1. So if we plug the beta-carbon distance of E203 and Q84 into 1/(1 + (r/R0)^6) with R0 = 45 Å, what FRET efficiency do we get, rounded to 0.05?
2. Using r as the Cβ-Cβ distance of D168 and V117, and R0 as 22 Å, what FRET efficiency do you calculate, to the nearest 0.05?
3. Mind listing the phi-derived Karplus ³J(HN,Hα) values for region 261-275, rounded to whole Hz, using 6.51, -1.76 and 1.60 with θ = phi - 60°, and x for any glycine or proline?
4. What is the distance, in nm, between label points placed 7 Å from the Cα along the Cα-to-Cβ direction at S178 and at I248?
5. Tell me, what % of the accessible area of region 117-191 is carbon and sulfur with a 1.4 angstrom probe?
6. Work out the FRET efficiency for E215 and E195 from their Cβ-Cβ distance, taking R0 = 41 Å, and round it to the nearest 0.05.
7. Which residues' amide hydrogens lie under 5 Å from the amide hydrogen of R129, considering only partners 5 or more residues apart or on another chain, with H built in the peptide plane?
8. About its Cα centre, how strong a charge dipole does region 89-140 have in debye, to the nearest 20, once Lys and Arg get +1 and Asp and Glu get -1 at the Cβ?
Amino acid sequence: MKKRNVIFIAAALVFILLFTGKFIVDLRQNFGSKPIGGFAGNMNNAVFDQMEQSSTGISQARKNYASAKMNIPQAGMATQIVEQKYERVSTMSSASMDWAKDTGALAAVIRESKALVQAEDSTGLEGSRRLNLELGVVPDAFDSTVKSLRGVGKLESIVVTKTDRTADFRALEARRLSLEKTRDGLSALRNSGAELKDRIDLETRILEIEGQIQELGVSLGDFNENNSFCTIKISLYEDQGLKPGSRILPALLSALGWTVPVYLGLAVCILAVLGIAALGLKVWDMIRVAAAKKQ
């Protein structure tokens with residue numbers, strides 16, 4: 001009877017050890033992992049890419065560029081002033097345990113920094129809400145605004161990049177100049193006495209070039225020093241999972257679901273080993289008895 005009790009106690013201890021170990025591992029993983037929907041690793045830039053696209057696939061968001069003038073000393077010459085066009089972007093993700101408080105703080109930062117909300121995307125139901133904002137701020141307020149936004153919610157990740165766009169600006173200017181020269185050359189042919197069909201084709205071509213010049217004017221307007229902005233992309237998501245009690249039950253269920261089949265499998269293996277051992281002993285006894293009879 002005592003032997004049977006020892007076996008039951010040992011079996012129970014093995015089950016408890018397996019369950020406890022798995023529960024601790026799952027609980028640590030739950031608290032250490034970011035919830036689905038957060039900016040994990042790559043900051044989920046696809047969210048903002050989708051915000052910047054219209055139903056026709058054409059980008060509708062204003063591109064933010066800034067200008068900076070630098071004085072570069074020249075050997076034996078006067079100092080040269082060089083103007084740089086650049087793009088500066090901060091992309092951050094934060095988790096919120098108190099949605100009303102954090103969204104209020106976010107709105108306050110936007111007001112204080114006089115940031116321009118250029119794109120907004122709000123999704124989800126209570127408990128799993130998400131707010132994606134794309135802000136335009138003047139270059140002088142960029143660093144202070146980013147610093148203030150870091151304090152909203154629980155910061156998960158942040159990336160700040162600066163890219164030189166001077167070559168892009170010059171390429172656009174050169175293209176516009178080339179189109180303007182082409183337009184002026186074609187306009188001079190209007191009174192050449194050509195046939196009606198040729199004149200219609202000429203006017204159509206001039207209108208096409210005018211349209212391209214206007215499109216370039218819009219793009220060049222983004223580079224205008226008076227329109228200088230830097231970009232801040234922030235994703236704030238509601239994470240009720242940060243509360244300890246909400247992650248204990250999933251860890252318990254996960255540990256139980258793993259322990260039961262593992263424990264049963266282990267029990268089957270132990271019984272199989274004991275059965276094989278018992279069968280081997282029985283066969284050995286039979287062989288030993290048979291050998292004794294022969295003697």
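The values are calculated or read from the model by the stated rules, or taken from the named source; none is laboratory data. Source: prediction; values computed, not measured. In this analysis, Cβ positions are derived from the backbone assuming ideal geometry, glycine residues included, and neighbour counts consider all displayed protein chains. Calculation scope for accessible area: heavy atoms of the full protein, side chains included, ligands and nucleic acids excluded. Shrake-Rupley method; radii C 1.70, N 1.55, O 1.52, S 1.80 Å.
1. 0.65
2. Given R0 = 22 Å and the Cβ-Cβ separation, E is 0.30.
3. Couplings: x, 5, 5, 5, x, 5, 5, 4, 5, 5, 4, 5, 5, 5, x Hz.
4. 7.0
5. Exposed carbon and sulfur together represent 48 percent of the surface.
6. Plugging the Cβ-Cβ distance into 1/(1 + (r/R0)^6) gives 0.85.
7. E238
8. Charge dipole, region 89-140, about its Cα centre: 60 debye, nearest 20.
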